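The values are calculated or read from the model by the stated rules, or taken from the named source; none is laboratory data. The structure displayed is predicted, hence computed values, not measured ones. Note that we place each Cβ from the backbone using ideal geometry, even for glycine, and neighbour counts take in every protein chain shown.
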Amino acid sequence: MGLIFRLRMLSDDLGQSMVELALLLPVLVFGLIGGADLARAYALQLAVQNGARAGAEAFAIDQAKNAQQAVQRAKDEMGRTPGMSCDLAHQCLVSINWPPGATTDGSSCTVSPPTVDDPCFVTVRVRYTFKTIIPWPIIPNTANFDRSTTMRIFY
């Protein structure tokens, strides 16, 4: 009699454990995917900031001879981050802003070469649209990352 009672209690416990797992598993899966989305968003936000910095730095220290090379340097830096792609024109936008009095290629400022009293700066702005892995019901599924870096140009 005691053996049958123990086997019956064991099967009841296994059934209860399966029901608890079935109820908790969706919460665990959504938590795992949500954490992965949050980690991706953070990594891509850092990549956008690094891309803006790399583009401005390349133009400021004359590694990039023109705006197109500075934009390419920013995109190359962002491309080093896994999962980030700047292939689509609407997904990743890089722009360069010149100071007042500078030409469109940044080759001349109001004083050439720039002095401490009248420096010349370049600003590189990177905009990126982040999309989540899965569409969440309440949370927004896209985020726009917009970062800019300004550096003084050295000739």
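Residues in segment 77-111 that are of a type outside the set (D, E, K, R), exposed (fewer than 14 other Cβ atoms within 10 Å of the Cβ), closer than 20 Å to Arg40 by Cα and modelled with pLDDT under 75: Leu88, His90. Got at least one residue in segment 112-127 being at pLDDT 90 or above and within 12 Å of the chain's Cα centre (by Cα)? Checking segment 112-127: at least one residue is at pLDDT 90 or above and within 12 Å of the chain's Cα centre (by Cα).
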